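**Q** Structure in structure tokens, see below.
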Amino acid sequence: MNKPFDNRAWFLVLPVFLLVAFSAILPLMTVVNYSVQDTFGNNQFFWAGTDWYVQLLASERFHQALGRQLLFSAIILLIQIPLGVLIALCMPRKGWTVSLTLVLMALPLLIPWNVVGTIWQVFGRGDIGLLGYTLNRIGLDYNYVNNIGDAWVTIVVMDVWHWTSLVALLAYAGLRSIPDAYYQAAKIDGASRWSIFRLIQLPKMKHVLIIAVLLRFMDSFMIYTEPFVLTGGGPGNSTTFLSIDLVKLALGQFDLGPAAAMSIVYFLVILLLSWVFYTVMTRDENERQGGAS
Amino acid sequence: MESLAWMAWTWQTATFFSVILLILIGMTIWERVSPSGERVGVLRLSTTRGDRLFISLLGAAYIHLAWLGLIGTEPALYWATFISLVYALGVFRWA
């Protein structure tokens, strides 16, 4: 059976739509226009058709940057989502420690991206950095400037340090919304800790976890400032993610046409993956609705 | 239109965005005239008409990219547009 909607409420979002039109849709249209042209500045453009797209899709440099970006986002999600949930489960629910914990958890989120990069750049240095110096003293040959593995580990740990608390706070909000009656019922039934997590807490956290996954995916997929400050994309190109490569192309080489084509493809990848994540994570709900209709 | 020079409009891109805009207006009118609901199709997803349009447009973008990446500009990209139209019709009919 069909379920008609009343679409008049959409007029309420008209002001936001206009704002988004000016801040996002017009720039996006401009990028599309640039992606099919070449320019040497001074508002002079020359038709290039789909040349930049053909060139980009065959580019080894683009494939490698995209691969690195996908790998980075996968690692970040695999670490931050379970870790954030685990931290949320360990956070206190009553007493004065709640406020203290929330403030401490929010602290990394308040630090600007470039400052985070600078902090970890100093922290990881072998001569004066606490982390780098300590690791070298205990016999580990740690050098994020020259070693690809060390550079990756440092960037991943830096991002985990910066953003896991966001996942934890979202998961904590989800946990706090569960009425005590659920826990009491589980206790009466003699449910194990794992059963409580799997059958009560995880389903109740689902909606906030969808938001957490989408936010962390999009943010990690667009990461720029922290790795740029920390490694500058090196050693070699080993930490040159898509965004860093894009800035090099657009601002370093002033190749606005190819950079615009890359931006469009970049945007489409994010759009597709976000849609896939959202669809997969809300699939059960969709099936229930489909079954009910 | 000197003030819009920075946007570097061409007739091709203007046509592209006009078509998108017309589709959105057309879909809005269609929805007003004949309201739809959600339904579950072959993708096993509960979709509205708007969802199906999104899936069609996103798919069309990837079909064109795949054409450019795998085949190039010869034969013409219009074939990718034709495949996209067939795909969109399939999505609206069965998805």
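**Q** Using a 1.4 Å probe on the protein chains only, how many percent of the accessible area of the protein assembly as shown belongs to carbon and sulfur?
**A** 70 percent
**Q** Please give the per residue accessible area of the range B:39-95, computed with a probe of 1.4 Å over protein heavy atoms only, in Å². Intermediate results must be reported in sequence, preceding the final value.
**A** Working: 3230 Å² over 57 residues.
The answer is 57 Å² per residue.
**Q** Accessible area of A:Ser59, 1.4 Å probe, to the nearest 10 Å²?
**A** 30 Å²
**Q** Ok, one more. When the Karplus curve 6.51 cos²θ - 1.76 cosθ + 1.60 is applied with θ = phi - 60°, which whole-Hz ³J(HN,Hα) does each residue of the range A:6-20 get, with x for Gly and Pro?
**A** For the range A:6-20, the Karplus curve yields 9, 8, 5, 4, 4, 5, 5, 9, 4, x, 5, 4, 5, 4, 5 Hz.
**Q** To the nearest µm²/s, what D does Stokes-Einstein give for chain A at 25 °C and 0.890 mPa s, using the Kirkwood radius over alpha carbon pairs as Rh?
**A** 109 µm²/s
**Q** Just counting partner chain Cβ atoms within 10 Å, what average do the residues of peptide B:5-12 show around their Cβ?
**A** Taking all residues of B:5-12 together, the mean is 6.
**Q** For the pair A and B, how large is the buried accessible area, both sides, in square angstrom to the nearest 100, if the probe is 1.4 Å? Don't skip to the end; give the middle numbers.
**A** Working: alone 17560 and 7430 Å², together 22130 Å².
That pair hides around 2900 Å² of surface in total.
**Q** Rg/Rh for the range B:5-65 to two decimals, with Rh computed the Kirkwood way over all alpha-carbon pairs.
**A** A ratio of 1.09.
**Q** Separation of the range A:1-75 and the range A:105-169 by C-alpha centroid, Å?
**A** 32 Å
**Q** In the range A:46-69, which residues become less accessible by 40 Å² or more once every protein chain is in place, relative to the chain on its own, using a 1.4 Å probe?
**A** Residues meeting the cut-off: A:Trp47, A:Thr50, A:Val54, A:Leu57.
**Q** Another one. The range B:56-70: which residues show an accessible-area loss of 40 Å² or more, assembly versus chain alone, 1.4 Å probe?
**A** Buried-area filter returns B:Leu58, B:Tyr62, B:Leu65, B:Leu68.
**Q** Accessible area, 1.4 Å probe, largest first: how do A:Asp150, A:Asp245 sort?
**A** Largest accessible area first, the residues go A:Asp150, A:Asp245.
**Q** Also: Considering the dipole of the protein assembly as shown built from charges on the beta carbon (Lys and Arg +1, Asp and Glu -1) around the Cα centre, which of A:Ile223, A:Leu86, A:Thr279 is farthest to its positive end?
**A** A:Leu86
**Q** Hey, another quick one. Say R0 is 30 Å: what FRET efficiency, to the nearest 0.05, do A:Trp96 and A:Trp194 get from their beta-carbon distance? Walk me through the intermediate numbers first.
**A** Numbers: r = 30 Å, r/R0 = 1.00.
It comes out at approximately 0.50.
**Q** Taking beta carbons within 10 Å but only from partner chains, what does the mean come to for residues B:27-34?
**A** Per residue, the number of nearby Cβ atoms from other chains is 1 on average.
**Q** What are the membrane-span-like helices in chain B by this rule: whole DSSP H runs, Cα extent along the axis at least 27 Å, mean Kyte-Doolittle hydropathy at least 1.0?
**A** Numbers: long enough: B:11-33 (32 Å, 1.33).
TM-like helix candidates: B:11-33.
**Q** Taking the Cα centre as origin and putting +1 on Lys and Arg beta-carbons and -1 on Asp and Glu beta-carbons, what dipole magnitude results for chain A, to the nearest 20 debye?
**A** Roughly 1100 debye for chain A.
**Q** Another one. What translational D, rounded to a whole number of µm²/s, comes out for the range B:39-95 from Stokes-Einstein when the hydrodynamic radius is the Kirkwood one over Cα pairs, at 37 °C and 0.692 mPa s?
**A** On the way: Rh = 11.8 Å.
Using the Kirkwood radius from Cα pairs, D works out to 279 µm²/s.
**Q** Right, something else. GNM on chain A, C-alpha springs below 10 Å: top fluctuator among A:Phe72, A:Phe123, A:Phe217?
**A** Maximum fluctuation in the GNM of chain A, among the listed residues, is at A:Phe123.
**Q** Moving on to the next point. Return the calculated 222 nm mean residue ellipticity for chain A, to the nearest 500 deg cm²/dmol, obtained by summing -39500 (n - 2.57) across DSSP H runs with n ≥ 4 and dividing by the residue count.
**A** Values: 15 runs with 194 residues, N = 293.
Value at 222 nm, helices only, nearest 500: -21000 deg cm²/dmol.
**Q** How big is the range A:35-105 along each principal axis, measuring the range of its Cα positions in Å and listing the largest first?
**A** Extents along the principal axes: 66, 29, 14 Å.
**Q** Now for a different question. Among the helices of chain A (complete DSSP H runs), which have Cα atoms covering no less than 18 Å along the helix axis and a Kyte-Doolittle mean of at least 0.5?
**A** For chain A, where a helix must reach 18 Å along its axis and average at least 0.5, the hits are A:60-90, A:148-176, A:202-221, A:256-281.
**Q** Would you rank A:His162, B:His64 by solvent-accessible area, highest first, keeping every protein chain in place and using a 1.4 Å probe? Before the final figure, lay out the partial values.
**A** On the way: A:His162 0, B:His64 45 Å².
Descending accessible area places them as B:His64, A:His162.
**Q** Ignoring the sites themselves, what is the longest stretch of chain A with no trypsin sites (Lys or Arg not before Pro) in a DSSP loop and at most 12 other beta-carbon atoms within 10 Å?
**A** Within chain A, the longest run free of exposed trypsin sites (Lys or Arg not before Pro) spans A:95-293.
**Q** Something else about it: Where in the range B:27-72 are there trypsin sites (Lys or Arg not before Pro) that are in a DSSP coil and have at most 13 other Cβ atoms within 10 angstrom of their Cβ?
**A** Details: sites: B:Arg32, B:Arg39, B:Arg44, B:Arg49, B:Arg52; in loops: B:Arg44.
Listed in order of number, the matching sites are B:Arg44.
**Q** Probe 1.4 Å, all protein chains in place: accessible area of A:Asp284 in Å², nearest 10?
**A** 90 Å²
**Q** Taking only C-alpha pairs under 8 Å that are 6+ residues apart, what is the relative contact order of chain A in percent?
**A** Reported relative contact order: 28 percent.
The values are calculated or read from the model by the stated rules, or taken from the named source; none is laboratory data. This is a predicted model, so every value here is computed, not measured. Here Cβ is always computed from backbone atoms with ideal geometry, including for glycine, and neighbour counts include all displayed protein chains. Protein only, heavy atoms only, side chains kept; ligands, DNA and RNA dropped before computing areas. Shrake-Rupley method; radii C 1.70, N 1.55, O 1.52, S 1.80 Å.
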